[in-house]
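Every number here is computed from the coordinates shown, using simple stated rules; none is lab data. Predicted model only: the values in this text are computed from it and were never measured. As a convention, Cβ positions derive from the backbone with ideal geometry for all residues, glycine included, and neighbour counts pool all protein chains shown.
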């Protein structure tokens with residue numbers, strides 16, 4: 001286990017231990033990201049893919065090294081080969097009739113060749129000396145390892161974006177519930193006030209009913225807020241790779257992010273050079289270019305060395321008796337010059353060239369799309385900052401208006417409808433304010449993903 005993963009695991013162990021003694025542990029965004037980068041299966045699979053590609057490179061490298069095999073073979077002769085001899089070449093007249101008789105016998109019966117049992121065992125070795133395609137495939141393996149590393153970085157960048165979005169959604173749900181709860185408390189207080197006045201004969205039955213309806217109208221909103229909190233928390237737990245029953249509370253609120261938004265906005269750039277999709281496409285283009293070169297090298301000859309050292313034995317009857325082993329060894333050179341293979345090599349070369357050309361066109365189109373998205377994201381963030389400033393001012397004005405109306409209502413200078421209108425306006429202003437901050441944070445996270453500059457190392461090392 002790496003130091004980074006060990007630190008994240010230790011962090012989760014501390015949080016789990018704390019959960020035994022506390023009702024709900026408190027997790028910051030950085031802590032959630034640290035746990036997610038350690039526990040999320042998608043990231044772990046991406047890291048394992050890097051390891052797999054490293055072994056793939058070693059596999060290719062092994063093809064350039066000597067290959068040594070040991071083998072053994074046994075065969076049993078079922079029907080021996082028969083050889084017939086033509087004695088005419090030796091002057092068949094010599095020897096008279098007896099010679100002619102022997103010749104006729106040889107022609108009819110023949111001579112059986114070979115023994116019943118045949119054994120062979122030994123070592124065989126081969127070494128490629130000139131193998132252009134293998135050499136080029138080694139560089140392709142290096143590029144594939146780089147691609148796996150970039151794909152792993154891409155998955156981590158995407159996970160950071162998803163965790164941030166889920167965390168911000170949880171903050172929005174919590175703050176929205178708090179706003180609705182304040183509205184509910186105000187409505188409930190007004191209802192209790194009218195109920196007491198009604199019991200004393202100072203308020204009408206209509207006033208009690210109207211305030212009671214106002215309270216009941218807010219109750220469904222509270223239940224929806226609870227559902228939204230539960231959904232956001234479950235989504236975050238899934239991304240963190242934790243059990244759905246794990247309870248925790250966020251360490252901050254949306255209002256806290258307003259303090260740093262101006263400095264963050266001033267530091268924004270339109271640089272997208274670290275975009276993961278573009279970098280992956282660059283690596284894919286490089287792999288295809290190397291593939292084209294490898295296809296061209298398939299027209300070149302290959303040279304290999306071979307050597308073997310074997311022992312053989314043959315006998316009749318019992319295969320394990322009277323064996324006499326005889327060693328023999330050879331050394332050879334094999335030169336292969338490809339001449340014609342039905343046009344397959346040429347077709348493969350043209351196919352790789354077309355794929356490389358397609359990849360370049362796709363890369364240009366993707367770059368234009370990313371550049372446009374980055375520009376729009378930056379403009380959207382700046383617009384959100386202005387909206388937050390406007391909403392913040394609106395909340396202050398709504399609070400002042402509500403305080404004035406509340407004081408007027410207490411002295412009988414304003415009606416309940418006017419008070420209720422000011423409460424609704426204040427509630428709406430607060431909800432709009434939190435929604436604006438949420439939109440700003442989501443836009444920032446999306447820009448971070450587009451630019452590919454999320455500080456993954458910072459979250460991995462967070463303790």
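The distance between label points at residue 404 and residue 358 comes to 6.8 nm (points 7 Å beyond Cα on the Cα→Cβ vector).
Against the chain, whose longest principal axis comes from its Cα atoms, helix 29-39 is set at around 20 degrees. Averaging the sequence gap over all C-alpha pairs within less than 8 Å and six or more residues apart, then dividing by the number of residues, gives the chain a relative contact order of 25 percent. Residue exposure proxy: 189, 246, ordered by other Cβ atoms within 10 angstrom of their Cβ from fewest to most, comes out as 189, 246.
For the stretch 300-386, what D do you get in µm² per second when you plug the Kirkwood radius from alpha-carbon pairs into Stokes-Einstein at 25 °C and 0.890 mPa s? Write out the running numbers ahead of the final one.
Working: Rh = 20.9 Å.
In µm²/s, the coefficient rounds to 117.
Please compute the length gained on full extension between residue 82 and residue 51, using 0.36 nm multiplied by the number of residues separating them and subtracting their Cα-Cα distance. Numbers along the way, then the final one.
On the way: separation 31, 0.36 × 31 = 11.16 nm, distance 5.99 nm.
The residue 82-residue 51 span can extend by a further 5.2 nm.
Expressed as a fraction of 2.2 N^0.38 Å, the rule-of-thumb size for a compact globular protein of N residues, what is the C-alpha radius of gyration of the chain? Provide the component values of the computation, followed by the final result.
Working: Rg = 41.8 Å, N = 463, 2.2 N^0.38 = 22.7 Å.
After normalising by residue count via 2.2 N^0.38 Å, the value is 1.84.
As a calculated quantity, the FRET efficiency between residue 346 and residue 309 at R0 = 51 Å, using C-beta atoms, amounts to about 0.80. In this label model, residue 30 and residue 390 are separated by 3.4 nm, measuring between points 7 Å along each Cα→Cβ vector.
Taking the longest Cα principal axis of the chain as reference, the axis of helix 132-199 is set at about 20 degrees. PRE reach from residue 226 (point 7 Å along Cα→Cβ): which of the stretch 184-199 fall under 17 Å by backbone N? Of the residues in the stretch 184-199, 184-185 have backbone N under 17 Å from the label point off residue 226.
Which angle between 0 and 90 degrees, to the nearest 10, do you get for helix 344-410 versus the longest principal axis of the chain when only C-alpha atoms count? With rounding to tens, the tilt is 20 degrees. Residue separation of residue 206 and residue 333 scaled by 0.36 nm, minus their Cα-Cα distance, works out to 34.9 nm of gained length. The slack between residue 251 and residue 300, meaning 0.36 nm per residue of separation minus the straight C-alpha distance, is 11.1 nm.
Here residue 316 and residue 69 are evaluated by their C-beta separation; at R0 = 45 Å the FRET efficiency comes out at 0.90. Its DSSP H runs of at least 4 residues, each contributing -39,500 (n - 2.57), put the calculated 222 nm mean residue ellipticity of the chain at -23500 deg cm²/dmol, to the nearest 500.
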